[in-house]
Amino acid sequence: MKPVIVVHGGAGRIFKEREEGSRSGVKRAALKGYNILKRGGSALDAVEEAVAVMEDDPHFNAGRGSVLNEKGEVEMDAIIMDGKNLASGAVSAVKRIDHPIKLARLVMEKTDHMLLTDQGALAFARAMGIPEVPGEKLITERSLDRWKKNLEADSNPQEFQKDLGTVGAIAIDSAGNVASATSTGGLTNKLVGRVGDTACIGSGGYADNDVGATSTTGHGESIMKVVLARLILFHMEQGKKPQDAADAALNFMKTRVGGLGGVIVISSSGDWAARFSTKQMSWATVKDDELLCGVHAGERHRQSVEEAMSSMGS
Ligand code: ASP
């Protein structure tokens, strides 16, 4: 099987000043994951590392750069899933760690559970030796600014809500295994304790070697109502190709509950799609040593892996 990785950096409205950073961020993440796959690494390792790259990147709403809740704190959700055995691990409302996706993987591999939240997740992180970072390390000037603006009496939170940047990755490795990973800071000025779609299996992501894998982004409450990730795989089980399955599911979410979002999808034969009903979604993929990426509808920027690596200085 030829390895393939697809990543997204969130669906919504990507403001001009964030566009270039978002584009290079998804490229860097896709290249990181692809290099792991090329060396014979697993899809699981590839998606975890690709997402961790974007958690470190302040251009995205995950890890450092996460949006703030109503109290001005970072609370993050993440999920990872292994298509080989349907194992999955997730964390919700976690604070003060750099890489929620790595904690989600530990939940999957080191516990009998699938989702740990808030204080329990933090205690588990400590027990696993994950260093606690000061809360401020994850807060950027931009997220602080947006939080403050949203508190102003004449603010339009809807406008800010659209500028989302959840991250996700899906991959197929040379052994034919698929995996999915998604990580987010959630929605701006959300209530304390709000858990979004990202932490919920079948909503924020899903992976099954028999069908494929997907990672989602967008309005979490809408995504949960239609169980978007699993719905896409259902359409694929009924014979739809990734692109048609993604469009059918996104269209259903829009017409049935008025929700917008974006998805990346890969089939067990390595066909892929990156689709969104929002204005924009940053995405990148690498297959056959060729990198494709885009931010706007219809955009497909093509580069060889070699070219992309040298243009990114790596
Ligand atoms: N789905 C995420 C949430 O609602 C937000 C996003 O995708 O940007 O928590």
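Readers should treat all values here as calculations from the given coordinates under stated rules, not as data from a laboratory. No experiment lies behind these values; they were computed from the predicted model shown. Heads up, the Cβs are rebuilt from the backbone with ideal geometry, glycines too, and the neighbour counts pull from every protein chain shown.
Hey, in the GNM for the chain with a 10 angstrom Cα cutoff, which one of GLY218, GLY298, GLY239 fluctuates hardest?
GLY298
Over all distinct alpha-carbon pairs, what is the Kirkwood Rh of segment 247-292 in angstrom?
11.9
Please give the calculated 222 nm ellipticity per residue for the chain, where each DSSP H segment of at least 4 residues contributes -39500 (n - 2.57) and the sum is spread over every residue; nearest 500 deg cm²/dmol?
-11000 deg cm²/dmol
Which of TRP283, TRP272, TRP147 moves the most in a Gaussian network model of the chain with Cα springs under 10 Å?
TRP147
In nm, to one decimal, how far is the GLU237 label point from the PHE15 one, both placed 7 Å along Cα→Cβ?
So the label points at GLU237 and PHE15 sit 4.2 nm apart.
If you plug each phi of segment 199-208 into the Karplus form 6.51 cos²θ - 1.76 cosθ + 1.60 with θ = phi - 60°, what whole-Hz ³J(HN,Hα) values come out, in order, with x for Gly and Pro?
Taking θ as phi minus 60°, the curve returns 7, 9, 4, x, 9, x, x, 7, 8, 8 Hz for segment 199-208.
Along segment 210-225, what does the Karplus equation 6.51 cos²θ - 1.76 cosθ + 1.60 (θ = phi - 60°) give for ³J(HN,Hα), rounded to whole Hz, x for Gly and Pro?
Karplus values, whole Hz, x for Gly and Pro: 6, 10, x, 9, 8, 9, 10, 8, x, 5, x, 5, 5, 4, 5, 4.
Please compute the modelled spin-label separation between GLU152 and ALA297, points set 7 Å along Cα→Cβ, answer in nm with one decimal.
Taking the simple label geometry, ALA297 and GLU152 are separated by 3.0 nm.
What is the Cα radius of gyration of segment 16-164 over 2.2 N^0.38 Å, N being its residue count?
1.11
What is the set of long-range amide H partners of LYS279 at a cut-off below 5 Å, with H atoms built 1.01 Å from backbone N?
Residues meeting the amide H criterion: GLY12.
May I ask which of LYS102/LYS149; LYS32/LYS71; LYS27/LYS71; LYS95/LYS241; LYS38/LYS102; LYS27/LYS149 have a Cα-Cα span longer than 28 Å here?
Working: LYS102/LYS149 32 Å; LYS32/LYS71 35 Å; LYS27/LYS71 33 Å; LYS95/LYS241 38 Å; LYS38/LYS102 21 Å; LYS27/LYS149 31 Å.
Pairs exceeding the cut-off: LYS102/LYS149; LYS32/LYS71; LYS27/LYS71; LYS95/LYS241; LYS27/LYS149.
Computed over the Cα atoms of the chain, what is the convex hull's projected area averaged over all directions, in nm²?
14.6
Given the chain, what percent of its DSSP beta bridges are antiparallel, to the nearest 5?
So the antiparallel bridges in the chain amount to around 95 percent.
What does DSSP give for segment 1-156 in terms of the percent of beta bridges that are antiparallel, rounded to the nearest 5?
Antiparallel bridges: around 65 percent, rounded to the nearest 5.
Grab every C-alpha pair in segment 180-268, bin the distances at 10 angstrom width from 0 up to the longest one, and report whole percents.
20, 53, 23, 4, 0
Work out how much length GLU109 to MET128 would gain on full extension: take 0.36 nm times their residue separation and subtract the Cα-Cα distance, in nm to one decimal.
On the way: separation 19, 0.36 × 19 = 6.84 nm, distance 1.16 nm.
So the extension gain works out to 5.7 nm.
Excluding the sites themselves, what is the longest stretch of the chain that contains no GluC sites (Glu not before Pro) in a DSSP loop with at most 15 other C-beta atoms within 10 Å?
In short, 153-298.
Under a straight-distance cross-link criterion of Cα-Cα below 22 Å, which lysines are reachable from LYS240, leaving out those fewer than 8 residues away in the same chain?
The qualifying lysines are LYS2, LYS84, LYS225, LYS254, LYS287.
With charges only on Cβ, +1 for K and R and -1 for D and E, what is the dipole size of the chain about its Cα centre, in debye, rounded to 20?
340
May I ask for the distance between the Cα centers of segment 22-84 and segment 104-157, given as a whole number of Å?
Taking the Cα centre of each part, segment 22-84 and segment 104-157 sit 14 Å apart.
Please check: in the Gaussian network model of the chain (C-alpha springs, under 10 Å), which one of GLY262, GLY129, GLY220 has the largest mean-square fluctuation.
For the chain, modelled as a Gaussian network with Cα springs under 10 Å, the answer is GLY129.
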